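The numbers here are math on the coordinates, done by the rules we state, and not lab data. If you're wondering where the values come from, they're calculated on a predicted model, not measured in any experiment. Here Cβ is always computed from backbone atoms with ideal geometry, including for glycine, and neighbour counts include all displayed protein chains.
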Amino acid sequence: MDNNEPGNLEDLFAHNRTWAARMERDRPGFFTSLVKQQTPRYMWIGCSDSRVPANQITGLEPGEVFVHRNVANIVVHSDLNALSAIQFAVERLKVQHIMVVGHYGCAGVKAALEGARIGLADNWIRHIQDVRDRHRVLLNSLPEELRADALCELNVTEQVVNVAVSTVMEDAWSRGQSASIHGWAFGVHDGLLQDLGMTINGIKPIDSLYKAAVQRIRYKWSKRAEEPQSDADPAQAEA
Ligand SMILES: [Zn+2]
């Protein structure tokens with residue numbers, strides 16, 4: 001097996017055969033039970049970034065988490081791809097928790113912050129620039145090196161709201177289905193997930209939850225700005 005050979009995909013198939021054999025050896029019948037049904041309790045909406053794999057980070061197996069990923073974990077009101085995935089997860093699979101998961105050091109968020117031109121993705125990332133512009137005062141009050149990670153959290157908060165105001169969630173909650181949406185951030189530098197405390201379950205008003213979440217982010221990052229900066233990633237100091 002030569003991992004260094006570009007274009008040689010045989011090692012992926014070899015890994016796959018090893019993995020499938022190991023799963024079947026350790027858990028006989030694992031795949032036949034998967035064929036019958038998937039019953040995930042969770043839906044993960046995350047960034048496409050290769051460093052943020054939903055199953056591995058959460059220790060979940062095939063069948064346990066329904067995943068939708070795109071550049072910078074954005075849920076656009078009219079994105080039929082994301083909305084269809086959310087509808088399937090909520091109405092068919094009856095997931096109980098939807099996590100919108102951003103990550104520190106996100107290139108999409110950085111590009112949005114800096115207004116950098118990448119290409120077609122600029123139009124996609126424009127949604128994060130809207131978030132940036134909405135919170136310009138907060139972001140400008142922070143040292144430059146902290147702004148991208150603060151915007152990562154603000155973006156997650158915003159996208160949690162976007163899931164919550166979708167017709168899928170409104171319909172689910174109005175028929176009494178229990179499902180919560182959570183905002184998380186993942187640290188590529190330490191492998192740890194942070195709960196941003198932005199959880200919507202259809203009971204409390206979204207507006208007050210959103211304002212409280214933004215307040216927490218403002219407080220957290222302004223405190224962080226007062227700390228002596230090391231050369232480590234600022235997100236690392238998370239308590
Ligand atoms: Zn990213």
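Close amide H contacts of residue 188 (hydrogens built in the peptide plane, cut-off under 5 Å, sequence separation of 5 or more or a different chain): 104. Putting +1 on Lys and Arg Cβ atoms and -1 on Asp and Glu Cβ atoms, find which of 15, 88, 205 reaches farthest to the positive end of the dipole of the chain. It is 205, whose Cα lies furthest towards the positive end. Is the chain best put as rounded, prolate or oblate by its Cα gyration tensor, with a ≥ b ≥ c the root eigenvalues, rounded for a/c under 1.5, and otherwise prolate when a/b is larger than b/c, oblate when not? Note, shape of the chain comes out oblate.
Across segment 59-66, computed HN-Hα scalar couplings (Karplus, 6.51 cos²θ - 1.76 cosθ + 1.60, θ = phi - 60°) run x, 9, 9, x, x, 9, 9, 8 Hz from first to last residue, x flagging Gly and Pro.
Please arrange 57, 118 by how many other C-beta atoms lie within 10 Å of their C-beta, fewest to most.
Working: 57 19, 118 14.
The fewest-first ordering by Cβ neighbours comes to 118, 57.
Annotation: amide H of residue 71 within the under-5 Å range of 48, sequence separation 5 or more or interchain, hydrogens built in the peptide plane. A straight chain from residue 13 to residue 208 at 0.36 nm per residue would run longer than the Cα-Cα distance by 65.2 nm. The modelled label-to-label distance between residue 201 and residue 21, using points 7 Å beyond Cα along the C-beta direction, is 4.7 nm. Using a/c under 1.5 as the rounded threshold, could you call segment 178-230 rounded, prolate or oblate? The axes a ≥ b ≥ c are square roots of the C-alpha gyration tensor eigenvalues, and prolate needs a/b larger than b/c, oblate otherwise. Here segment 178-230 falls in the oblate category. Binning all Cα-Cα separations of segment 18-115 at 5 Å, short to long from zero, yields these whole-percent fractions: 3, 12, 19, 20, 18, 13, 9, 5, 2, 1, 0. The phi-based Karplus calculation (6.51 cos²θ - 1.76 cosθ + 1.60; θ = phi - 60°) puts the 3J(HN,Hα) values of segment 159-170 at 6, 4, 5, 4, 5, 5, 8, 5, 4, 4, 6, 4 Hz, whole numbers, x for Gly and Pro.
For the chain, the mean residue ellipticity at 222 nm estimated from helices alone is -14500 deg cm²/dmol, where every DSSP H run of n ≥ 4 contributes -39500 (n - 2.57) and the total is divided by all residues, rounded to the nearest 500.
Measuring spread by the Cα atoms of segment 89-201 yields a radius of gyration and Dmax of 15.4, 46 Å. Amide H contacts for residue 66 (H built 1.01 Å from N in the peptide plane; partners 5 or more residues away or on another chain; cut-off under 5 Å): 42, 43, 44.
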